[in-house]
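Working notes for the structure below.
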Amino acid sequence: MESGACPRGAKVYIWRAGDTVDIVAERLSLPAEWIPAAFGRVPPDEIGPGYALCIVGPEAGGVLSCPNGGLYTVRAGDSVASVALSLGVTVFALMDANPYVDPEALAVGQVICVPGGVES
């Protein structure tokens, strides 16, 4: 993922040779369970040097990655269906790109992945 795909205010962590989930979690002082969620649909054994993770506040889930997609910040009144419709993706594709998101509990300011590179 390119660092430009991270939401405003997020820090970017670039995966280094020798990194593991535990090493990255310790470096970033984050719970280790947050790190695999950042891989999106990329298998952990395919994560390598140069892969970028977006590090955001805990209100957005802590760590985000959106391979082959863009990021969208949830606004007041948004639902999964309304976001999908406004960005021209299916609800299924949107949820498939966000397995860690509860579709019934979107929160204003939450950052989600939009397949296909749409950013807003």
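Suppose we keep only residues that are at pLDDT below 85 and buried (at least 16 other Cβ atoms within 10 Å of the Cβ) within the range 10-20. Which one would you say is farthest from A93 (Cα to Cα)?
Y13
Step by step: first the residues of the range 77-103, then only those that are in contact with a helix residue (DSSP H, G or I) (Cβ under 6 Å, 6 or more places away or on another chain) and under 9 Å from V114 (Cα atoms), then the one that is modelled with the highest pLDDT. Which residue is that?
Applying the filter and picking the extreme gives A84.
Please specify each residue of the range 58-70 satisfying the condition of being under 12 Å from the mean Cα position of the chain (by Cα) and either modelled with pLDDT of 75 or more or under 18 Å from P31 (Cα atoms) (or both).
Those that are under 12 Å from the mean Cα position of the chain (by Cα) and either modelled with pLDDT of 75 or more or under 18 Å from P31 (Cα atoms) (or both): A60, G61, G62, V63, L64, S65.
Would you point out which residue out of V74, V24 is under 13 Å from V101 (Cα atoms) and modelled with pLDDT of 65 or more?
V74
Which pairs do you get when a residue that is more than 16 Å from G50 (Cα to Cα) and without any contact (Cβ under 8 Å) to a residue 60 or more places away in the chain, found in the range 17-36, comes within reach of a residue that is among the acidic types (D, E) and assigned to a helix (DSSP H, G or I), reach meaning Cβ atoms under 8 angstrom, with the pair 6+ apart or on two chains?
Taking only residues 6 or more apart or on different chains, the pairs are A32/D22.
Considering only the range 70-86, how many residues are small (G, A, S) and part of a loop (DSSP other than H, G, I, E, B)?
Final tally of qualifying residues: 3.
If I ask for residues that are aromatic (F, W, Y) and either farther than 21 Å from L53 by Cα or part of a helix (DSSP H, G or I) (or both), which ones from the range 87-113 would you list?
Matches in the range 87-113: F92 only.
The values are calculated or read from the model by the stated rules, or taken from the named source; none is laboratory data. Note that the structure is a prediction, hence the values are computed from the model and not measured. Counting neighbours? That spans all protein chains shown, and the Cβs are built from the backbone with ideal geometry, glycine included.
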